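These notes concern the structure reproduced below.
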Amino acid sequence: MENIADTQTQVIEYLTKVVGSPPHMDDSLAMIGIDSVAMAELTFELEKRCGTKIDDAILDVETVGQLVDYLHARKNPS
């Protein structure tokens, strides 16, 4: 079981590569430049990196923090 800090580190590292600077947890994905095309690429990359299947609920994610929470829950189902 991975802790949420590990998930946060993975997400921040990936988004930093994509957008050029580290985002804050409360930044909206749209604000940092994640549009629908980037979100499709992000979904594919995160599935590969995290070894988990991402479902349509990802479309409800609006901030970096929500993305971390979503991925953490997918990797560590209760």
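The values are calculated or read from the model by the stated rules, or taken from the named source; none is laboratory data. Quantities reported herein were computed from a predicted structural model and do not represent experimental measurements. With ideal geometry, Cβ positions are generated from the backbone for all residues, glycine too; neighbour counts draw on all protein chains shown.
I want to confirm something. Restricting to segment 50-59 and keeping residues that are aliphatic (A, V, I, L, M) and over 18 Å from ILE12 (Cβ atoms), which single residue is modelled with the lowest pLDDT?
First, pick out the residues of segment 50-59 that are aliphatic (A, V, I, L, M): 54, 57-59.
Those left that are additionally over 18 Å from ILE12 (Cβ atoms): 57, 59.
On the way: ALA57: 91, LEU59: 88.
Ranking the qualifying residues of segment 50-59, first place goes to LEU59.
Within segment 1-22, the residues that satisfy the criterion of being more than 14 Å from LYS75 (Cβ to Cβ), outside any helix (DSSP H, G or I) and out of contact with any Ser or Thr (no Cβ under 6 Å at 6 or more places or on another chain) are GLY20, SER21. Checking each residue of segment 35-49 against the condition of being over 11 Å from VAL11 (Cβ atoms) and touching a residue at least 24 places away in the same chain (Cβ under 8 Å) gives no match.
Here GLY33, GLY65 are screened, and the one residue that is at positive phi and either surrounded by fewer than 11 Cβ atoms within 10 Å (Cβ to Cβ) or modelled with pLDDT of 90 or more (or both) is GLY33. When MET25 is tested against (1) of a type in the set (A, V, I, L, M); (2) part of a loop (DSSP other than H, G, I, E, B); (3) over 27 Å from SER78 (Cα atoms), just one condition goes unmet, and that condition is (3). The residue that is surrounded by the most Cβ atoms within 10 Å (Cβ to Cβ), counting only those in segment 13-30 that are without any contact (Cβ under 8 Å) to a residue 12 or more places away in the chain and over 10 Å from VAL64 (Cβ atoms), is THR16. Of the residues making up segment 16-26, those that are at pLDDT below 95 and of a type in the set (A, V, I, L, M, F, W, C) are VAL18, VAL19. Scanning segment 41-58 for residues that are part of a helix (DSSP H, G or I) and surrounded by 11 or more Cβ atoms within 10 Å (Cβ to Cβ) turns up GLU41, LEU42, THR43, PHE44, GLU45, LEU46, GLU47, ARG49, CYS50, ILE58.
Could you please find all residues in segment 60-78 being assigned to a helix (DSSP H, G or I) and free of Cβ contacts under 8 Å to residues at least 12 places away in the same chain? Steps first, answer last, please.
Narrowing segment 60-78 to residues assigned to a helix (DSSP H, G or I): 60, 64-75.
Listed by number, the residues that qualify are ASP60, GLN66, ALA73.
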